[in-house]
Amino acid sequence: MPAVFLNDRSLLLVSGAEAQSFLQNLITTDITSLGADEARPGALLTPQGKILFDFMIWQDGDGYMIETDAGQRDGLLKRLTMYKLRAAVTLATSTEEGVTVSWSEDAEGSQGVRDSQGVRDSRFAKAGVTLIRRPGKHGDGKEALYDALRISHGIVTSGSDFALQDAFPHDVLMDFNGGLSFRKGCYVGQEVVSRMQHRGTARRRVVTVSAATALPETGTEITAGGKPVGALGSVEGGSGLAIVRIDRAGAAMAAGTPLLAGETPVSLVLPAWSGLVFPTSGDEASA
């Protein structure tokens with residue numbers, strides 16, 4: 001059972017009598033249905049519906065813990081403070097530094113993970129993996145192990161796989177992994193993402209990328225017939241992640257047009273847990 005310390009993660013605590021309503025009216029996640037031992041993905045969007053900050057969120061006593069990239073922490077705290085106004089909410093940074101993730105992909109091992117301290121990551125649960133997130137350092141496994149796990153199951157992270165303020169929640173599969181609510185009412189950017197959902201206009205999606213040889217570096221363009229369809233994100237050997245135009249990629253695959261990452265032939269697969277398929281000949285993507 002690997003246990004990997006992620007030292008580039010930071011934590012914020014949101015507490016107070018109005019903590020739930022404060023967050024519910026701001027972020028993409030429906031926290032009123034959040035399980036006691038569950039961590040869900042979430043985002044604070046721009047008014048145009050793009051991801052301004054992304055994070056994991058879970059219950060912490062009477063409040064909520066937000067885990068985000070260390071480089072985002074201060075900016076997120078500042079933005080939440082701006083929205084706070086006179087709400088009965090306290091915003092603070094945690095004294096814990098970093099987060100440890102541990103996991104098991106078999107039924108026997110996963111029971112032990114559930115019994116440990118921490119919260120279950122709902123993104124991995126969708127993919128059939130029990131992964132626990134726990135503040136602080138509780139393991140010394142290599143981070144490459146966690147990256148390989150993410151890549152194999154199509155789970156992205158900002159910075160490596162997409163740029164903040166450049167991606168919609170649909171692009172990173174938040175409409176399938178529990179991080180995006182269409183029922184809870186208004187929040188920042190809600191009108192845009194709801195329109196995308198109801199019109200079925202999401203065309204950029206996360207895919208896993210594989211090659212017979214080592215993939216080129218992150219940021220390398222993926223093309224079909226000389227035309228761009230996306231770019232590589234996280235890479236580990238011959239496996240990687242990318243956000244691509246699945247309509248263009250689907251049309252290329254249907255026509256037998258090779259897909260290339262730089263000069264390297266690649267194959268693309270949509271994460272099985274999403275239920276998505278590649279559209280062909282202008283058809284809609286379907287779940």
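For region 22-68, count the residues as N, evaluate 2.2 N^0.38 Å, and divide the Cα radius of gyration by that value, please. If you can, show how the numbers build up before the last one.
On the way: Rg = 10.6 Å, N = 47, 2.2 N^0.38 = 9.5 Å.
Working it through for region 22-68, the quotient is 1.11.
Each stretch of four or more DSSP H residues adds -39500 (n - 2.57); spread over every residue of the chain, this sum gives -6500 deg cm²/dmol at 222 nm.
Here region 216-279 is assigned +1 on the Cβ of each Lys and Arg and -1 on the Cβ of each Asp and Glu. Its dipole about the Cα centre then comes out at about 240 debye.
Calculated FRET efficiency, Thr257 to Glu217, Cβ-Cβ distance, R0 = 22 Å: about 0.40 to the nearest 0.05.
One decimal place: the segment Lys227-Asp8 gains 75.3 nm when fully extended, by the rule 0.36 nm per residue minus the C-alpha distance. Here's the picture: charge each Lys and Arg Cβ at +1 and each Asp and Glu Cβ at -1 in the chain, and of Phe168, Thr223, Ser102 the one pushed furthest to the positive end of that dipole is Phe168. In plain terms, the chain from Thr81 to Thr93 could stretch by 3.1 nm, reckoned as 0.36 nm per residue minus the Cα-Cα distance. Here Lys184 is the anchor, and the lysines within straight C-alpha reach of less than 29 Å, apart from those fewer than 8 places off in the same chain, are Lys50, Lys78, Lys84, Lys126. With N as its number of residues, the chain has a Cα radius of gyration that, divided by 2.2 N^0.38 Å, comes to 1.01.
Between Leu241, Leu11, Leu80, find the one with the highest GNM mean-square fluctuation for the chain; connect C-alpha pairs within less than 10 Å. Highest fluctuation among the options: Leu80.
Overall form of region 189-287: prolate. Here a/c, set by the Cα gyration tensor axes a ≥ b ≥ c, is 1.5 or more, and a/b is the larger of a/b and b/c.
Between Arg73, Arg199, Arg150, the residue with the greatest mean-square fluctuation in the GNM of the chain (Cα pairs under 10 Å linked by springs) is Arg199. Name the residue from Ala88, Gly179, Tyr146 whose Cα lies farthest towards the positive end of the charge dipole of the chain, charges +1 on Cβ of Lys and Arg and -1 on Cβ of Asp and Glu. Sorting the options by dipole projection puts first Ala88. Here the Gaussian network model covers the chain, with springs between Cα atoms less than 10 Å apart; of Gly159, Gly250, Gly49, Gly159 fluctuates the most.
Any read-out appearing in this document is the output of simple, stated calculations on the displayed coordinates, not a laboratory observation. These numbers were taken from a predicted model, which means no experiment stands behind them. Every residue, glycine among them, receives a Cβ derived from its backbone with ideal geometry; neighbour counts consider all protein chains shown.
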